[in-house]
1. Anything in the range 110-131 that is under 26 Å from Glu63 (Cα atoms) and surrounded by 12 or more Cβ atoms within 10 Å (Cβ to Cβ)? List them, or say none.
2. Of the residues Glu56, Glu133, which is part of a strand (DSSP E or B) and out of contact with any Gly (no Cβ under 6 Å at 6 or more places or on another chain)?
Amino acid sequence: MDMVNKESPEGVLKKYDEDGPLNPDQWNNIEQEMVRVVEEVEIEETLKLQRGLQNEEYRLLDEIIYPLTKSGSKFLSVGVLPLKDFTPVLRICNPQLTAAVLFELADFEEFLVKLNKLVMIVKNVTKDCLLDELKNYNILLSPHQVL
């Protein structure tokens, strides 16, 4: 996206001699500059509105926050999503909310079941086995390391 020129339309008028009359080309240039500035402001306001709506989509009501680590690097939040029919959710995130996982309750219960199975597999592994596939990668579980 192009950088927004913060020059005001009045600044364009100052380019011309105040004492002399403006010819039609100069008026056209002034009009085009004013239209450009208005369009840039509209784009900027639209982007602000979109960011605001995106932030609202993940805002939790009645949020309770629990620290997951002693250092305060991870938190568990419990609350409801107002824009999704007040669906109860769990969110695991960092303090800046730049990295987060959002679970609905049914998804979190399924995650816990899978996590328990993975823990059992890791504890009982005696030879290399396929743990999972991620796109073009296979995750192999070895008794000595994860490959």
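1. Glu110, Phe111
2. Glu133
To keep it simple, each residue is scored yes or no on (1) at pLDDT 90 or above; (2) part of a strand (DSSP E or B); (3) aromatic (Phe, Trp, Tyr).
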residue: Gln32; (1), (2), (3): no, no, no
residue: Thr46; (1), (2), (3): yes, no, no
residue: Arg51; (1), (2), (3): no, no, no
residue: Tyr66; (1), (2), (3): yes, yes, yes
residue: Val80; (1), (2), (3): yes, yes, no
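The values are calculated or read from the model by the stated rules, or taken from the named source; none is laboratory data. Just so it is clear, the model here is predicted, and its values are computed rather than measured. With ideal geometry, Cβ positions are generated from the backbone for all residues, glycine too; neighbour counts draw on all protein chains shown.
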